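These notes are about the structure you will find just below.
Nothing in this text is a laboratory measurement; each read-out follows from the coordinates by a stated rule. Because the structure is predicted, anything quoted here is derived from the model rather than measured. Using ideal geometry, Cβ is built from the backbone for each residue, glycine included, and neighbour counts are taken over all protein chains shown.
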Amino acid sequence: MSEAPESLNAQTAEWLRLAEMDLDVAIYLFGHQKIPVEIICYHSQQAAEKYIKALMVLFGEIPPKTHNLIDLARICKDRGIAEEIWDGMAKEVVGLNRFGTVPRYPSKIELSEADARRAVSDATKIREAITAVIVPILSGSGE
């Protein structure tokens, strides 16, 4: 039995709320004297992941427990979920994907402020593409 649209809308809204917090934190951290680039990159990836999962939930999919943005985007595309956005988001999805784990653990990979700025930019582009699909549906003016 599928869930009622109201339940899916509430779950989608919660994923969006969490995604917005991650992106807000990433942007906020640029205001620090010593910019925590690893944390900014991580929160940018987390925001993108949650935006994608919000989209999946809205279309009745149960998001898998993975941080792999490439896999999540592929699932969406394969299942016809907003398939028009994925080809245009490939660079951003791939760029952010490594930040799901790399910044959280000791690594020989050094991240720069430019990496952090790119991560926020990529997450923002993913946000814009996905919310352009989600918001009209949640507001009742789409699909």
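For (1) within 22 Å of residue 16 (Cβ to Cβ); (2) surrounded by fewer than 14 Cβ atoms within 10 Å (Cβ to Cβ); (3) not aromatic (Phe, Trp, Tyr), each residue gets a yes or a no:
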residue: 35; (1), (2), (3): no, no, yes
residue: 46; (1), (2), (3): yes, no, yes
residue: 69; (1), (2), (3): yes, no, yes
residue: 74; (1), (2), (3): yes, yes, yes
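Close contacts from the stretch 104-117, counting a first residue that is touching a residue at least 24 places away in the same chain (Cβ under 8 Å) and a second that is assigned to a loop (DSSP other than H, G, I, E, B) and surrounded by 11 or more Cβ atoms within 10 Å (Cβ to Cβ), with Cβ to Cβ under 7 Å and a gap of 6+ residues or different chains, come to 113/35; 116/35. Just a yes or no: is a residue in the stretch 109-116 touching a helix residue (DSSP H, G or I) at 6+ places or on another chain (Cβ under 9 Å), within 24 Å of residue 14 (Cα to Cα) and not aromatic (Phe, Trp, Tyr)? No - not one qualifying residue is present in the stretch 109-116.
Evaluation of residue 140 against the conditions (1) at negative phi; (2) not in a helix (DSSP H, G or I) shows that the sole unmet condition is (1).
Could you run through the stretch 1-21 and say how many residues are touching a helix residue (DSSP H, G or I) at 6+ places or on another chain (Cβ under 9 Å) and not in a helix (DSSP H, G or I)? The number of residues fulfilling the criteria is 2. The C-beta contact set for the stretch 10-21 (first residue farther than 18 Å from residue 123 by Cα, second residue exposed (fewer than 15 other Cβ atoms within 10 Å of the Cβ), distance under 7 angstrom, 6+ apart or interchain) is empty.
Could you check how many residues of the stretch 76-95 are within 18 Å of residue 22 (Cα to Cα) and touching a Cys at 6+ places or on another chain (Cβ under 8 Å)? Can you show your working first?
Of the residues in the stretch 76-95, the ones within 18 Å of residue 22 (Cα to Cα) are 92-93, 95.
After this cut, where a residue has to be touching a Cys at 6+ places or on another chain (Cβ under 8 Å) as well, the list is none.
Summing the residues that are within 18 Å of residue 22 (Cα to Cα) and touching a Cys at 6+ places or on another chain (Cβ under 8 Å) in the stretch 76-95 gives 0.
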